[in-house]
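**Q** Pasting a structure here, questions to come.
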Amino acid sequence: MELNKLRDNWNTFGQKDPLWSILTDATKKGNRWELEEFFKTGQEEIGNLFQYLEAQNIQVKPTKALDFGCGVGRLTQALSHKFEEVHGVDIAESMIDLAKEYNQQGNACQYHVNVKADLSLFESSSFSFIYSSIVLQHMKPDYAKRYLLEFLRLLSPDGVLVFQIPSAQKRKSPFRHHLRRLLPSSIFNAFVKWKDGVDAIIEMYCIEKQEVIDFINSNNAKILDVREDQSTGEDWVSYRYIVQLKSSQS
Ligand SMILES: C[S@@+](CC[C@H](N)C(=O)[O-])C[C@H]1O[C@@H](n2cnc3c(N)ncnc32)[C@H](O)[C@@H]1O
């Protein structure tokens, strides 16, 4: 799926069922997430992450953070308790409109729509921390890699990048897998919309763990830590990567 179609789909989700499209708990479908409960999951995710970074002795300067694919700001607002300034970026205007509406952190959180395959809206080396969770999995690997390169460009010399991406799918529905191979994607997607009762499609993509590691290592950066993560549910093998630029001291 190309970026303009991706943007249209996420815009639709932002209008119809934004919180469920971000955290697809089956019991919350149909706008049944409570806002407070939803944002609490962001506090927990960021709290656990920073405990982990501390335990690994990975230092992060509390200056400026980027939350790529911020949705309605679930993680952006949580990050604002750790940084002077946090920028949330999303491809969907409807998501950013909600992020602004739900924002309780004033100017500490700034939100941007970006529909480009790059992050040229930001200056090089300007972020001490970059985070992206359950986002890169929804775009073709070519796009994910372009954004990864952008993250490395935006990272300050001692900055820390943390991102998640699945490596493989554990369990596939044999019927859907077969249909997907047989049908043109527009017809397959129409089938999925009808069957799942959704207005837009959330596609999933993987990049194998070793490919991610090689990609990072060949772009003047190093992996500080890789850990299996559960954010994509039990049907996927997913990893969270912690990265710094190679020239960094730590
Ligand atoms: C599953 S949601 C996750 C939102 C947020 N990271 C969170 O965990 O609460 C995925 C988000 O990524 C955004 N997204 C998808 N492709 C993107 C892209 N190319 N650039 C920026 N945002 C993108 C979608 O609009 C959506 O808001």
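**Q** Springs between alpha-carbon pairs under 10 angstrom, Gaussian network model over the chain: which of E85, E93, E208 fluctuates most?
**A** E208
**Q** Could you tally up the Lys pairs in segment 128-225 with alpha carbons closer than 29 Å? Skip any pair fewer than 8 positions apart unless they're on separate chains.
**A** Value for segment 128-225: 19.
**Q** Which of the three applies to segment 123-250, rounded, prolate or oblate, going by the alpha-carbon gyration tensor with a ≥ b ≥ c and a/c under 1.5 meaning rounded?
**A** Cα axes put segment 123-250 in the prolate bin.
**Q** For segment 68-118, give the percent of accessible area contributed by carbon and sulfur heavy atoms, probe 1.4 Å, rounded to a whole number.
**A** Here carbon and sulfur together make up 38 percent of the probe-accessible area.
**Q** Take M204, project a point 7 Å from its Cα along the Cβ direction, then tell me which residues of segment 138-180 have their backbone nitrogen under 11 Å from it.
**A** 138, 166-173
**Q** Something else about it: Using alpha carbon coordinates only, what is the Rg to Rh ratio of segment 3-245, with Rh defined as the Kirkwood radius?
**A** 0.95
**Q** Using the beta-carbon distance between K195 and D142 and R0 = 30 Å, what value does 1/(1 + (r/R0)^6) give for FRET efficiency, to the nearest 0.05?
**A** 0.60
**Q** Another question, then. Report the gain in length on full extension from N4 to N219: 0.36 nm times residue separation, minus Cα-Cα distance, nm rounded to one decimal.
**A** Working: separation 215, 0.36 × 215 = 77.40 nm, distance 2.75 nm.
Difference between extended and current length: 74.7 nm.
**Q** Please label the shape of segment 12-66 as rounded, prolate or oblate, based on the square roots a ≥ b ≥ c of the eigenvalues of the alpha-carbon gyration tensor (a/c under 1.5 means rounded; beyond that, a/b larger than b/c means prolate, else oblate).
**A** prolate
**Q** While we're here: Compute the distance in nm between two label points, each set 7 Å from the Cα along the Cα-to-Cβ direction, one at L182 and one at L23.
**A** Between L182 and L23, the label points sit 3.8 nm apart.
**Q** While we're looking at this one, here's another question. Just to confirm, what accessible area per residue do you get for segment 3-245 at 1.4 Å probe, in whole Å²?
**A** Heavy-atom accessible area per residue stands at 49 Å².
**Q** For the chain, set up a GNM with springs between Cα atoms under 10 Å and report which of S133, S218, S124 has the largest fluctuation.
**A** Fluctuation is largest for S218.
**Q** With a sphere of radius 14 Å drawn around the Cβ of A108, what net charge do the other residues whose Cβ falls strictly inside it have (Lys, Arg +1; Asp, Glu -1)?
**A** On the way: positive: K64, K82, K100; negative: D67, E84, E85.
Taking every Cβ under 14 Å from that of A108, the sum is 0.
**Q** How many angstrom lie between the Cα centre of segment 128-146 and the Cα centre of segment 1-78?
**A** Between the Cα centres of segment 128-146 and segment 1-78 lies a distance of 13 Å.
**Q** When DSSP beta bridges are limited to those with both residues in segment 3-245, what percentage is antiparallel, rounded to the nearest 5? Mind dumping the intermediate values first?
**A** Working: 16 of 34 bridges.
The antiparallel proportion sits near 45 percent.
**Q** Quick one: Karplus J couplings for segment 71-85, per residue in order, coefficients 6.51, -1.76, 1.60, θ = phi - 60°, nearest Hz, x for Gly and Pro?
**A** So the J values, rounded to whole Hz, are x, 8, x, 3, 8, 4, 5, 5, 5, 5, 7, 10, 10, 5, 8.
**Q** Then there's this: When a/c reaches 1.5 or more, the comparison of a/b and b/c decides; with that in mind, is segment 174-248 rounded, prolate or oblate per its Cα gyration tensor?
**A** prolate
**Q** What lysines does K100 reach when the alpha-carbon gap must be under 27 Å and sequence neighbours fewer than 8 apart in one chain are set aside?
**A** By straight Cα distance, K100 reaches K5, K16, K28, K29, K40, K61, K64, K82, K116.
**Q** Quick check: residue separation of K82 and K61 times 0.36 nm, minus the Cα distance between them. What number comes out in nm? Working shown, then result.
**A** Numbers: separation 21, 0.36 × 21 = 7.56 nm, distance 0.92 nm.
Length difference between fully extended and current span is 6.6 nm.
The values are calculated or read from the model by the stated rules, or taken from the named source; none is laboratory data. Since this is a predicted model, take the numbers as computed values, not measurements. Positions of Cβ are backbone-derived with ideal geometry, glycine not excepted, and every protein chain shown enters the neighbour counts. When the accessible area is computed, the model is the full protein with side chains, heavy atoms only, and any ligands, DNA or RNA have been set aside. Shrake-Rupley method; radii C 1.70, N 1.55, O 1.52, S 1.80 Å.
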